[in-house]
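The values are calculated or read from the model by the stated rules, or taken from the named source; none is laboratory data. Everything quoted here is computed from the prediction, not taken from an experiment. All Cβ positions, even for glycine, are placed from backbone atoms using ideal geometry, and neighbour counts span all protein chains on display.
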Amino acid sequence: MLRTRFMALSTRVLKCDPSSISFPSSTSTPVISSPETLSALQAASHQLVHNLQPVAFPTETVYGLGALALNVSATSKIFSTKGRPADNPLIVHVSSFAMLQTLLPQDYVLSDSYTALMKHFWPGALTLLFPSDPKIIPPIITANQPTVAIRMPSHPVARALIAVANAPLAAPSANSSGKPSPTRAEHVLRDLEGKVGIILDGGACGVGLESTVVDGLHADGAIRVLRPGGITVEDIERVLRQEMGVSPKVLVHRRDYRDEVMEATPTTPGMKYRHYSPAVPVYLLYTASPPPDGVQRLEADEFLASLQDKGDGKRPVKVGILAPSDSPLGTCSLPMDGLEWTRFSLGPTAEPSVTAHLLFDGLLTLERQGVDLILIEEVEEEREGLAVMNRVKKAAGESRWIQFNSNG
């Protein structure tokens, strides 16, 4: 882990209006109609390019902590600001296809599958692995791996900031390493105030989970989803089938295959270390699917009664509940002495995109409200639910399978 002593900074939160930014199809240069937004972007660009300091900014996925990707001094400050392990690689963000070309080896040719995916999902919440030339991409970005992860964000503020700075930005989530990713500027400020000089406030992130990371560099032609995210596996399969006629195999890491070597020396973020955990214990509750191996099976009343032992006996135990609004945990009544409930709805079970949008906000909101622990109910691992459960399994310290009785 890179460690650097630094003095507390004065953190400025600068408002940006995403609706004032547009990218005409014939150019990669943004048109910015709001003077306030233009001033904020210019200030953030100066911080990045001239001061070599990181800046927090919104993307469609989560808020990012960006620095010049091709400058080792600048990029190292991402690691020290977050407390991020040095062997956890970074994603590079570009604003145009022309900028992408400057990062790739001269002899690299896009595959048909990558061409199809970029046509449909760039700009957007899809990260692709490319061969990395160490003469171009500093090894600090790739953690000395032979590939580099790159994406083109669709959020107007993110893409405009990269274009105004006229440089690719390395940008993990704008939070202390291991904590839930921020989806609002106030989440970033609460965590990183005094550690980052500028936060661009572009409102709440639309997706709410990090990008989908795809590796299509293997000789077998299969598409490997290393991290599920805002672009679903179903989306990827549909587009490849539509553009190529016969879709290559789409394999999801840990669902369809394992790669212990890659897990030990990851090529992309989110594979090796525990992530997304608030400062209080998190329990994952299985309520519908068969209990996984090694997960304790309990009646709901029995489990909830066990939570009474988590307190000091002087006040009720404050329990935060993250659950879909129409799920067993989201609809049941929970009267029990010694426990105080705080609910945060994750939307209806039929809309996993809403659950994805709300997950990190829910974790951070419940933490701020002072709960002693958080219960998260499982969701079906389809569409965005696959990405939700990927994050929840990493956030949770313990898992339980609970059975609700017929009376709720």
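Among the numbered criteria (1) in contact (Cβ under 8 Å) with a residue 40 or more places away in the chain; (2) surrounded by fewer than 16 Cβ atoms within 10 Å (Cβ to Cβ), which single criterion is violated by Q106?
(1)
Do any residues in the range 126-154 that are without any contact (Cβ under 8 Å) to a residue 12 or more places away in the chain have Cβ atoms under 9 Å from those of residues that are surrounded by fewer than 24 Cβ atoms within 10 Å (Cβ to Cβ) and not in a loop (DSSP other than H, G, I, E, B), where the two are at least six apart or on different chains, and which pairs are they?
That search, which allows pairs on different chains as well, returns P134/T142; P139/V72.
Between a first residue in the range 66-77 that is within 15 Å of N175 (Cα to Cα) and a second residue that is of a type in the set (K, R) and at pLDDT 95 or above, which pairs have beta carbons less than 7 Å apart while being 6 or more apart in sequence or on different chains?
Close Cβ pairs satisfying both conditions: A67/K77.
Is at least one residue of the range 2-17 in a helix (DSSP H, G or I) and touching a residue at least 60 places away in the same chain (Cβ under 8 Å)? Break it down stepwise before answering.
Restricting attention to the range 2-17, the residues satisfying the condition of being in a helix (DSSP H, G or I) are none.
Checked against the condition, which is being in a helix (DSSP H, G or I) and touching a residue at least 60 places away in the same chain (Cβ under 8 Å), the range 2-17 yields no hits at all.
Considering only the range 178-217, state which residues are assigned to a helix (DSSP H, G or I) and either outside the structural domain of V13 (by TED's automatic domain parsing) or touching a residue at least 24 places away in the same chain (Cβ under 8 Å) (or both).
Answer for the range 178-217, where residues must be assigned to a helix (DSSP H, G or I) and either outside the structural domain of V13 (by TED's automatic domain parsing) or touching a residue at least 24 places away in the same chain (Cβ under 8 Å) (or both): A185, H187, V188, L189, R190, L192.
Look through A143, A149, A160 and report the one residue that is in contact with a Leu (Cβ under 9 Å, 6 or more places away or on another chain), among the small types (G, A, S) and at pLDDT below 95.
Of A143, A149, A160, the one residue that is in contact with a Leu (Cβ under 9 Å, 6 or more places away or on another chain), among the small types (G, A, S) and at pLDDT below 95 is A143.
Return the residues of the range 318-345 that are within 25 Å of S173 (Cβ to Cβ) and either touching a residue at least 40 places away in the same chain (Cβ under 8 Å) or touching a strand residue (DSSP E or B) at 6+ places or on another chain (Cβ under 6 Å) (or both); say none if nothing qualifies.
So in the range 318-345, the residues within 25 Å of S173 (Cβ to Cβ) come out as 320-324, 342, 344-345.
G320, I321, L322, A323, P324, T342, F344, listed by residue number.
Counting only residues that are among the aromatic types (F, W, Y) and modelled with pLDDT of 85 or more, which one in the range 250-291 is nearest to E398 (Cα to Cα)? Don't jump to the end; show me each part of the working.
Pass one, the range 250-291, residues among the aromatic types (F, W, Y): 257, 273, 276, 283, 286.
Those still in the list that are modelled with pLDDT of 85 or more too: 257, 283, 286.
Working: Y257: 24, Y283: 5, Y286: 11 Å.
The qualifying residue nearest to E398 (Cα to Cα) is Y283.
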